[in-house]
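The block underneath contains the structure these notes are about, expressed in structure tokens.
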Amino acid sequence: MTYPFPPLLLRDDRLPPTEAPVTAPRIALDPDRLEHDLARILLGLMEMLRQIMELQAIRRMEASSLSESQQEQLGTTLMRAEAAIHEMAARFGLTPADLSLDLGPLGRTI
């Protein structure tokens, strides 16, 4: 039996190894600023998740799948979450722009 495509090679030692060029900067943690750097990463992830939840809430509101009280409660919760994230960021001297994470080919989170 013949196939229209060549078989998938999972590994071929005959081919020279190739290394993809690194275009996006890697995470560089400075030992002297470890808490600051970790706070930036964690708060950036929290902000990204908050924005995803906000988009989902908007979709649910547009689909009329939330009651008025649920919409009010969700809006209040998301506003408080945003304020808490920005307050924690300020404690580490971070601005909202500092919370933007570079996801390489996917772009920036914020």
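Some notes on this structure:
- Residues in the range 76-110 that are of a type in the set (A, V, I, L, M) and either on the phi > 0 side of the Ramachandran plot or in a helix (DSSP H, G or I) (or both): LEU78, MET79, ALA81, ALA83, ALA84, ILE85, MET88, ALA89, ALA90, ALA97, LEU99, LEU106.
- Pick from the range 75-96, criterion open to solvent by less than 40 Å² (accessible area, probe 1.4 Å) and touching a helix residue (DSSP H, G or I) at 6+ places or on another chain (Cβ under 7 Å), ranking: farthest from ARG50 (Cα to Cα): LEU94
- For beta carbons closer than 7 Å, sequence separation of 6+ or different chains, a first residue in the range 36-63 that is over 20 Å from SER100 (Cα atoms) and a second that is open to solvent by less than 90 Å² (accessible area, probe 1.4 Å) and assigned to a helix (DSSP H, G or I), the qualifying pairs are ALA57/LEU74; ALA57/LEU78; MET61/GLN71.
- When residues of the range 48-64 are limited to those that are polar (S, T, N, Q) and not in a loop (DSSP other than H, G, I, E, B), the one most open to solvent (accessible area, probe 1.4 Å): GLN56
- Options LEU34, LEU38, LEU45, LEU29: the member that is modelled with pLDDT of 90 or more and open to solvent by less than 100 Å² (accessible area, probe 1.4 Å): LEU45
The values are calculated or read from the model by the stated rules, or taken from the named source; none is laboratory data. Please read these numbers as outputs of a predicted model, since none were measured by experiment. Because the Cβ atoms are built from the backbone with ideal geometry, glycine has one as well, and the counts that use them run over all protein chains shown. Ligands, DNA and RNA are stripped out before the accessible areas are found, and what is left, the full protein with its side chains, is counted by its heavy atoms. Shrake-Rupley method; radii C 1.70, N 1.55, O 1.52, S 1.80 Å.
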